[in-house]
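**Student:** Can you keep this structure in mind? I'll have questions shortly.
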Amino acid sequence: MDYKDLANVIFPEAKEISYYEEKYPRRDLEERSNSYKVCTKSNRMYAYRRILSSINSNETC
């Protein structure tokens, strides 16, 4: 299974990339402009571990 097949399994109703590029156009920010993070690295790692543990706990032999 390659990445495209996996993406289709996870997001079966996802639209083409061009749809999202038109909906969310690239922003022209200044070089040193302030940008805000959605969450910290520790929160991302916690979420990643929760996802992996839920996948592993649902596996059958």
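The values are calculated or read from the model by the stated rules, or taken from the named source; none is laboratory data. Source: prediction; values computed, not measured. Calculation scope for accessible area: heavy atoms of the full protein, side chains included, ligands and nucleic acids excluded. Shrake-Rupley method; radii C 1.70, N 1.55, O 1.52, S 1.80 Å.
**Student:** Of the conditions (1) open to solvent by less than 100 Å² (accessible area, probe 1.4 Å); (2) at pLDDT 80 or above, N43 clears all except one; give me its number.
**Tutor:** For N43, the exception is condition (2).
**Student:** Still on this structure: All but one of (1) at pLDDT 80 or above; (2) open to solvent by 100 Å² or more (accessible area, probe 1.4 Å); (3) not in a loop (DSSP other than H, G, I, E, B) hold for K15; which doesn't?
**Tutor:** Condition not satisfied by K15: (3).
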